[in-house]
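The next block holds one structure in the form of C-alpha cells; read it before the comments.
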Amino acid sequence: MADLSWGRRSDPAKGWPLQDDGKPEPPAFLCSATGLSMDSQVLISKLNAYSIPVMEDYPSDGSFGNVVLGVPAYGAELYVPETMLEAAMDLIAEDTDDDELIDGIIKDLD
C-alpha cells in the first residue's frame, strides 16, 4: 500500500511526552500567532524540527475559518508540553531576524 502521509500534519500526541504515571504531560501555553500570515505554521514547523510537539487551539470560530479559508481567521494559540516550554520560548526568541514574525508572537511570551 502507498504511503499517504506526505503533506499531512503530524499528530501532536504522537511525540507528546508522558509523565511517570503514563499520562500525557499537561500542555503549557506558548503564544498566540496570527493565522493570515502563516505565523503559526512557521512556528510549528520550527518546533517540530527540534522534536517539540505543538498543539493548536483556534479561539472563537477560528476552526471554521481554517476549514473555509484554509487559515484560521483569528489565529491560533499554541501549546507545548510543560517540560519543553522554556526550550520552545528560547527557539522562538532566536528568530529575532524576522521582526514581523516576532512582533506578533514575542509580546505573548511576557
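Just a few scattered comments:
- Annotation: amide H-H contacts under 5 Å for W16 (H modelled 1.01 Å from N, sequence separation of 5 or more, or interchain): none.
- Among 75-86, 47-58, the peptide with the highest mean count of other Cβ atoms within 10 Å heads the list, and the full ranking is 75-86, 47-58.
Here, each number is a calculation from the coordinates, and none is a lab measurement. Model, not experiment: these values are computed from the prediction. Neighbour counts are summed over all protein chains in view; Cβ atoms, including those assigned to glycine, are modelled from backbone coordinates with ideal geometry.
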